[in-house]
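The values are calculated or read from the model by the stated rules, or taken from the named source; none is laboratory data. This structure is a prediction, so every number in the text was calculated from the model and none was measured. Backbone-built Cβ (ideal geometry, glycine too); neighbour counts: all protein chains shown.
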Amino acid sequence: MENDKIYFDFHTPTETVKDFIWDVPGIHNVENATVALAILNNLGVDFKTLKKAIANFKGIKRRYTKHRYEKGKIYIDDYAHHPTEINAVMSSIRTFYPGKKLLVAFQPHLFSRTRDFADGFAESLSQADELVLLDIYPARELQENFEGITSSWLLEKVTLDKKEVSALSDAFSKIKEKDFDILLTVGAGNIDTLYDPICEWMNKS
């Protein structure tokens, strides 16, 4: 890993193809890439073409969408809405940017998922340095059917000192007051409405 990129070799049963360049952080994403390489090579695509394709691939929208700004700050947006996915994103950030102060804004998606995976969410979110936990995005569910399942309830399980609950409408103003090196917005609800305002603000900061 070097300069936000991963360099890896690809091993087939008969040869080793060296020096693939991959711009999507996370070992799990390298594993996904090797599956795609294996399939495409078996279908007859040569490795020269595959190397070029891998080097040019920048990921898909809301899957570790990353922006780096002039003063060194980084903004990452991701669709993760399950503890395992959040752990993968957090692991990538901590691997590539050790020692950087990480602010996470997370919007839980569904009362039922928050209830069923509360301990996992708390453990994964506790890897941040500071957390802004948005209100639960209900989607198809009604809150009255999930008495006591709130973001405040989830926040109590998070072991951070710096943590708070926020409505989506207040989240942007709260984020602007924070001190961070890396900002991660994460969730599958309407937290994506923060993306453009954050990008615009960080471009001007």
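Worth a mention:
- For Lys73: the one exception among (1) in the same structural domain as Val104 (by TED's automatic domain parsing); (2) in contact with a helix residue (DSSP H, G or I) (Cβ under 8 Å, 6 or more places away or on another chain); (3) buried (at least 17 other Cβ atoms within 10 Å of the Cβ): (3)
- Any chance Ile60 is farther than 30 Å from Lys204 by Cα, modelled with pLDDT under 90 and surrounded by 10 or more Cβ atoms within 10 Å (Cβ to Cβ): no
- Subset of the range 17-32 that is under 26 Å from the mean Cα position of the chain (by Cα) and either at pLDDT 90 or above or of a type in the set (Val, Ile, Thr) (or both) - its residue that is nearest to Met90 (Cα to Cα): Ile27
- Flag for Tyr97 being of a type in the set (Phe, Trp, Tyr) and surrounded by fewer than 17 Cβ atoms within 10 Å (Cβ to Cβ): yes
- Only one entry in Glu123, Glu147 is of a type in the set (Asp, Glu), closer than 16 Å to Phe111 by Cβ and in the same structural domain as Met90 (by TED's automatic domain parsing), namely Glu147.
- Residues in the range 149-196 that are outside any helix (DSSP H, G or I), of a type in the set (A, V, I, L, M, F, W, C), at pLDDT 95 or above and closer than 15 Å to Pro138 by Cα: Ile149, Ala167.
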